[in-house]
Amino acid sequence: MSFFKEKLKSSIKFFDRAFLNYKLSRIRERRSFPFSKSNEPLSKNIKLNYDECAKLPFVLKSKPVLIYAEVSTKCNLLCRMCGRAHYQIPENEQGFMKREIFEKLAKLFTYNAQLALFGRGETLLHPDLPYFLKVARNAGLSIGFNTNGLALTKTIAMAMVENAQTYVTFSCSAGSRETYKKIHGADSWERLWNKIELLNEVKRECGAAKNYLDIMNIPPAVYLEFVSQRSNISELPTLVRKAFQYNIQGIIVIDVVAHSEEMEKERMNLPETIPVAQKYYEEALAVQAELIKSKNRNFDLRLPGSFFSMTKKFSSQYEKDKLSGIKQKSNNNFCLEPWQTFYVRYDGTVATCVITNRIFGDLNKSDAKDVWNGEVFRKFRERMTGENKPYECLRCHLFPGPKIYDKGLNNLSNYEPL
């Protein structure tokens with residue numbers, strides 16, 4: 001029986017061993033964003049999308065291969081590197097995505113597509129998160145989200161495991177309590193690690209009750225995200241050691257996006273700070289190698305160079321090889337997101353990426369399929385292939401890599417009609 005048709009009951013204390021091993025093999029096959037593997041099998045939709053990306057049509061037969069569902073714009077932290085700390089979200093724009101919006105979005109779901117259940121807020125705060133995970137699981141998606149982890153409960157952790165969530169990435173840009181408080185704005189260092197251990201405990205209950213399977217192999221894969229800054233870069237090697245202690249599968253290191261002059265000084269990808277960053281990256285890699293050898297298990301340490309600017313994400317080598325040869329009419333801030341990505345904000349409005357504030361459609365008024373090939377998407381794709389890129393693309397801080405944020409992106413009146 002196909003895994004995606006298997007009905008799990010919440011009363012089950014642990015999975016049947018054969019079924020669990022089968023399920024895990026399926027998860028390993030489709031693990032992608034941001035854990036792509038060069039040998040992962042591609043779905044028909046992904047193959048079709050890659051073929052269409054080579055031709056760059058304005059109307060697509062394929063559906064999105066990366067879908068963002070911003071299920072929440074509320075957050076329980078105010079991390080200093082986050083845009084929320086610099087651009088206040090009005091009270092009337094803070095809320096949760098309705099079930100009806102998510103269900104309309106689900107019409108675009110295809111097997112092996114990547115679903116990122118996060119945006120400008122904290123995913124764990126949404127009361128319907130277990131339901132969203134079930135819907136996505138039944139569609140065969142690769143599911144994941146970033147979180148500060150503080151709102152994790154056993155009920156949510158059970159839903160993550162039982163619905164075979166592919167990954168979860170905890171935000172932790174520190175290697176000590178003091179630095180965590182300074183960067184994340186709360187004295188919650190111990191609480192974070194307690195929440196990670198809670199998820200580990202649930203994984204043990206659900207999959208390793210008889211000690212026949214290492215929890216490292218039970219989904220979701222647990223990662224940390226470390227935003228490199230002058231204030232924390234020296235603690236990255238320490239964080240690698242602590243991550244090993246908590247059965248974490250890897251750390252994703254990204255460059256900070258500067259939302260202010262103060263944060264601009266924190267960047268580790270400036271000419272004068274790159275040598276410092278390189279020093280601590282090498283130390284972290286040395287710790288990684290030491291622990292892999294002594295602990296006899298793998299650990300995925302991803303440094304900023306892994307970022308693929310054309311797709312605006314971490315991509316497998318296969319994907320890079322497949323897409324890098326695309327002939328473009330212009331190399332000026334060209335990316336493939338208009339052909340691959342569908343971003344739904346909490347209120348149902350749609351964009352093509354996390355950068356733009358332009359409205360491409362509204363799921364309160366239209367079907368997701370109609371928006372995907374609607375007038376705004378078509379015109380945007382056409383503009384992307386030419387020299388006259390849209391306003392937001394010329395100010396994208398993710399091309400070719402994180403840099404200073406252009407505040408003009410916040411003002412919709414700056415956006416020219418397509």
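The values are calculated or read from the model by the stated rules, or taken from the named source; none is laboratory data. Values in this document were obtained by computation on a predicted structure and should not be read as measured data. Note that each Cβ is placed from the backbone with ideal geometry, even for glycine, and that neighbours are counted across all protein chains shown. The protein model used for the area step is the full one, side chains on, heavy atoms only, and it has no ligands, DNA or RNA in it. Shrake-Rupley method; radii C 1.70, N 1.55, O 1.52, S 1.80 Å.
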Could you pull out the pairs from Lys63/Lys322; Lys55/Lys403; Lys47/Lys320; Lys104/Lys195; Lys134/Lys379; Lys154/Lys295 whose alpha carbons sit more than 23 Å apart here? Lys55/Lys403; Lys104/Lys195; Lys134/Lys379; Lys154/Lys295
What aspartates and glutamates could a cross-link reach from Lys61, if we take a straight Cα to Cα line under 17 Å and drop same-chain neighbours fewer than 8 places away? Asp51, Glu52, Glu337, Asp367, Asp370, Glu375, Glu382
Filter the chymotrypsin sites (Phe, Trp or Tyr not before Pro) in the stretch 231-299 down to the DSSP loop ones having no more than 15 other Cβ atoms within 10 Å, then list what survives. Tyr246
Would you pull out the residues with amide H under 5 Å of Gly250's amide H, same chain only if 5 or more places away, H placed 1.01 Å from N? Leu224, Asp300
Hand me the trypsin sites (Lys or Arg not before Pro) from the stretch 194-295 located in a DSSP loop with no more than 12 other Cβ atoms within 10 Å, in residue order please. Lys210
What list of ³J(HN,Hα) couplings, whole Hz, do you get for the stretch 245-256 from phi and the Karplus terms 6.51, -1.76, 1.60, once you set θ to phi - 60° and write x for glycine and proline? 5, 9, 6, 7, 8, x, 10, 9, 9, 10, 7, 6
The stretch 91-209: relative contact order as a whole-number percent, Cα under 8 Å and 6+ apart: 22
Taking all protein chains in place and a 1.4 Å probe, what share, in percent, of the accessible surface of the stretch 174-278 do carbon and sulfur account for? 44
Determine, from the Cβ-Cβ distance of Ile274 and Asp367 and an R0 of 45 Å, the FRET efficiency 1/(1 + (r/R0)^6), rounded to the nearest 0.05. 0.45
Find how many whole Å separate the alpha carbon centroid of the stretch 121-192 from the alpha carbon centroid of the stretch 238-294. 21
Given a Förster radius of 45 Å and the C-beta distance between Tyr415 and Arg241 as r, what FRET efficiency does 1/(1 + (r/R0)^6) yield to the nearest 0.05? 0.45
Determine the per residue accessible area of the stretch 120-258 with all protein chains present and a 1.4 angstrom probe, expressed in square angstrom. 30
Can you check what the net charge comes to around Leu108, using other residues whose Cβ is under 10 Å from the Cβ of Leu108 (Lys, Arg +1; Asp, Glu -1)? +3
Pull out a ≥ b ≥ c, the square roots of the eigenvalues of the alpha-carbon gyration tensor of the stretch 56-197, then state rounded if a/c is under 1.5, prolate if not and a/b is larger than b/c, and oblate in the remaining case. prolate
FRET efficiency (Asn357, Lys182; Cβ distance; R0 41 Å; to 0.05) is 0.85
When only Cα pairs under 8 Å and 6 or more residues apart are kept, what is the percent relative contact order across the stretch 144-271? 26
At most 16 other Cβ within 10 Å, DSSP loop - GluC sites (Glu not before Pro), the stretch 229-310: Glu272
